[in-house]
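Working notes, beginning with the structure itself.
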Amino acid sequence: MKEFTHYTVMKNEAVDALNCRNGLIYVDCTLGGGGHSELILQRISPNGHLIAFDIDQDAIDAASERLKEYKNLTIVKDSYTNIKSVLKNLGIDKITGGVLFDLGASYHQLTKQERGFSFSKEAPLDMRFNKDSDFSAYNIVNEYSEDELVKIFSEYGEERFSKRIAKAITEHRKQNKINTTTELAEIILNATPRIKTSIHPATRVFQAIRIEVNHELQNVKNTLNDVLDLLEFGAIISVISFHSLEDRVVKQVFKYHSTRCHCEKNQMICTCPPPILELVNKKPIMASEQEIRENPPSRSAKLRIAKCIRR
């Protein structure tokens with residue numbers, strides 16, 4: 001089996017938030033290395049049930065081995081975006097306990113050379129979480145128009161030199177297709193002015209391409225809204241995000257569905273239905289100082305929690 005490395009970020013905080021109870025149904029939308037799932041299973045055994053999603057076969061293989069002793073676990077090789085249809089096919093009408101999202105890519109995915117997430121290692125332009133997908137970073141870099149590249153670099157990477165970088169990419173590919181991560185990183189480096197920063201010039205662009213390849217932000221928004229239809233009264237949503245764009249999506253969805261009124265200001269009588277969610281924490285929970293020392297990438301993690309209050 002291929003080695004799969006994944007540090008489980010805010011394991012206790014995220015699972016504590018679920019208030020795990022024996023006999024209820026829980027969903028881990030991002031199985032990864034199985035760290036969160038294992039803790040949930042420990043707390044809901046013997047009669048609780050956990051459904052865990054992942055589209056990465058390496059993650060599924062590693063987690064299946066780690067969790068092989070648990071009989072109350074169903075691992076589904078599918079995207080969490082299909083949660084409604086998957087649960088229906090499993091005969092599950094409601095998530096009675098809670099649902100957990102860990103939106104961070106695993107260390108394994110980000111550092112495994114052939115996956116093409118890192119600009120520090122030469123690899124084909126890939127960045128797919130789902131290796132069965134036909135659409136990769138290569139398609140974006142070589143087929144998107146200059147305006148389309150500017151848009152994703154600006155919106156998903158918050159890159160201040162988006163126009164320069166997009167122009168450099170489109171000029172370069174007129175002569176030769178861009179095939180590797182290091183080739184793309186070199187183009188980005190040459191297109192940006194030298195400024196004092198600890199962040200490599202390619203960092204934000206690679207993030208933007210990864211988000212576009214995997215439709216990350218739209219998937220999060222759509223799935224959170226889908227999950228609301230599946231939650232039983234009292235069930236919990238626990239979401240860990242790793243960059244400001246993801247966290248903003250989670251915050252906006254939670255805020256909208258926990259607000260009592262969405263009427264126009266000049267409307268005399270409120271016709272809004274009761275809110276679906278109650279915010280458990282108004283400000284996101286951050287990783288502890290000890291965890292950040294053990295796993296520096298966890299410093300960017302934010303945990304938001306909400307409870308279903310619709311009967």
Just to confirm the filter: which trypsin sites (Lys or Arg not before Pro) across the stretch 178-279 are DSSP coil and have at most 16 other Cβ within 10 angstrom of their Cβ? Arg194, Lys196, Arg260, Lys265
Please identify the trypsin sites (Lys or Arg not before Pro) of the stretch 1-105 that satisfy two criteria: DSSP loop assignment and at most 10 other Cβ atoms within 10 Å. Which are they? Lys2, Lys68, Lys71
What net charge do the residues around Asn72 carry, taking every other residue with its C-beta under 14 Å from that of Asn72, with Lys and Arg at +1 and Asp and Glu at -1? +1
Nearest-20 debye value, the chain charge dipole, Cβ charges on Lys, Arg, Asp, Glu: 940 debye
Per residue, accessible area of the chain with a 1.4 Å probe, heavy atoms of protein chains only, in Å², comes to 51 Å²
Over 24 Å between alpha carbons, listed pairs Lys11/Lys283; Lys71/Lys307; Lys84/Lys282; Lys84/Lys283: Lys71/Lys307; Lys84/Lys282; Lys84/Lys283
Over the chain, what percent of the accessible surface lies on carbon and sulfur atoms, probe 1.4 Å? 48 percent
Of the GluC sites (Glu not before Pro) in the stretch 136-226, those whose Cβ has at most 16 other Cβ within 10 Å and which sit in DSSP loop: Glu158
I want to verify a result. In a Gaussian network model of the chain, Cα cutoff 10 Å, which of these has the top mean-square fluctuation: Gly48, Gly32, Gly23? Gly23
Result: in the stretch 155-271 the number of Lys pairs with C-alpha under 19 Å apart, spaced 8 or more or on different chains, is 5
Could you give the distance between the Cα centres of the stretch 267-311 and the stretch 148-209, to the whole Å? 33 Å
Which number do you get for Rg(Cα) / (2.2 N^0.38 Å) in the stretch 124-275? 1.34
Furthest towards positive pole of dipole, Pro273, Ser238, Phe53, structure part the chain, Cβ charges: Pro273
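The values are calculated or read from the model by the stated rules, or taken from the named source; none is laboratory data. Computed from a prediction, not measured in an experiment: that's the story for all the values here. Neighbour counts run over all protein chains shown; Cβ positions are idealised from the backbone, glycine included. Ligands, DNA and RNA are stripped out before the accessible areas are found, and what is left, the full protein with its side chains, is counted by its heavy atoms. Shrake-Rupley method; radii C 1.70, N 1.55, O 1.52, S 1.80 Å.
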